[in-house]
1. Once you've got the GNM for the chain with C-alpha springs shorter than 10 Å, pick whichever of S179, S131, S228 has the biggest mean-square fluctuation.
2. Considering the chain as a Gaussian network with a 10 Å cut-off on Cα pairs, which listed residue, R183, R51, R110, attains the greatest mean-square fluctuation?
3. Give me H145, H230 ranked fewest to most by other Cβ atoms within 10 Å of their Cβ, as a rough exposure proxy.
4. Per the helix-only calculation at 222 nm, which mean residue ellipticity applies to the chain, given -39500 (n - 2.57) for every DSSP H run of n ≥ 4 and division by its residues, nearest 500 deg cm²/dmol?
5. Based only on Cα atoms, what mean projected area does the convex hull of region 94-180 have, in nm²?
6. If each of K184 and M169 carries a label point 7 Å out from its Cα toward its Cβ, how far apart are those two points in nm?
7. Under a Cβ-only charge scheme (Lys and Arg +1, Asp and Glu -1), can you give me the dipole magnitude of the chain about the Cα centre, in debye to the nearest 20?
8. State the extension gain, in nm to one decimal, for the chain segment bounded by E264 and Q222, taking 0.36 nm per residue of separation less the distance between their alpha-carbons.
Amino acid sequence: MRFALAMLACLWAALATAAPLRFMTYNIWGDYFQNPPGERLDPLVKSIELRRPDVLSLQEVTPGWWRSGLFEKLAAMDYEAIKGDMAEAWVRAGGEKGKARCNYAPLVYRKARLEVLETGVDVFHLALTGSKMATWAVFEEKASHKRFIAFATHFWWKGGEEANAVREMDAMIVLWRLSKLRRKWGRLPALCGGDLNCNIHSTPMGVLMRGGFIDSDRNARQSIRHRSNHGNPVRAGDGTWSAKCREGAADNGDLSIDRILFTEGIAALRHEVCTAKCELGVSDHQPVILDFELEGALRPSGP
C-alpha cells in the first residue's frame, strides 16, 4: 500500500512538472475615472485564481492599486511582485533623484514553480509620462532548470503617427534590454506581454517582430481570439462593475492592443483572450493568456 501511494505521488509530481507554463497579461484599469480599486479587487483576484498564471504582467497599477491589498492577496496565493529599482530607473531615464513614482507595470510570478535570477525596470519617456515602462526578469523553472526572460510592458497610449513613433522607441528599448540580457545570460527565449496600445498591423509591432518576437495571437497552436479592449465597465448601484465583449465585426483579434509575444525557444501552445464575467467587470481590457513550453534544445547558459 505504501509503495502504491509513493508511486502515485511520483506520478502526480511528474504530471505537474510536465504541465505547460502560463503567461498572462492584464491591464487592470487605473483609478482615474471614479473607479476605485476596492470595488474591483475581488473580481480581479478571482480572475487570477481562475487562470493561475505562472508569470503575470500587469498594467495601470496605480498607487491606489498598490494600497488596495491586491498584492497581499496574491502573496497568500504563492505570488510575488517584481518592481525593479524604480529609483535607479527613474534617474537613468532623466528624472530627478528622489522623485521616482511607483511601478505601474509590475511582473508577478509563482514562487513554487519559478526562481528569479535577475530583475529590473526601464522607464520609457519621462517627458511624456512616468507610467509607461517595461519590468523584466530572468527566470529559471525549478523542475527543469530551463531559463527564460519575461517582460511586462505598457507602451505610449495616444493615437496617430507621432504616437506610433513613440511606441517604436518603446519597442526598441525592449529589444535593447533583451540584447543586453542575452549578452549576460546567453540566448535565452523570451516573452513580452502587455498593453502595447497598437494592433498587429502597426509599425511598433513591426519593430518587435523584426527583432525576433512572434505574436501568439496568430501563431499559437490553438488560439481563441477576441478583441481584448472592449470599453469602460459600468458601475451598478450596488457597487459592482460590468461590461461585455465587442460584437460582430468589431470583435476582431487583429485589433487587440493587449498582446503576448514570444521568441524562438518557446513552443506557443494555446492563446486565449479571456471573457469570464468577473474579468469583464474589472477593466476596459480583457486578460490574455498563453500556455507555453520551453523547448529542450535551449539549455541554461551564462552565470
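Every number in this text was worked out from the coordinates using simple rules, so none of it is lab data. Computed from a predicted structure; not experimentally measured. FYI the Cβ positions are ideal-geometry reconstructions off the backbone, even for glycines, and counts take in every protein chain you see.
1. In the Gaussian network model the winner is S179.
2. Greatest mean-square fluctuation among the candidates belongs to R183.
3. Values: H145 10, H230 21.
The order, fewest Cβ neighbours first, is H145, H230.
4. Working: 9 runs with 88 residues, N = 303.
So the helix-based figure for the chain works out to -8500 deg cm²/dmol.
5. Numbers: hull surface 27.1 nm².
The orientation-averaged projected area of the Cα hull of region 94-180 comes to 6.8 nm².
6. 2.5 nm
7. On the way: 40 positive and 36 negative charges, 139 e Å.
In total the dipole reaches around 660 debye.
8. Details: separation 42, 0.36 × 42 = 15.12 nm, distance 1.75 nm.
Separation in residues times 0.36 nm, less the Cα-Cα distance, equals 13.4 nm.
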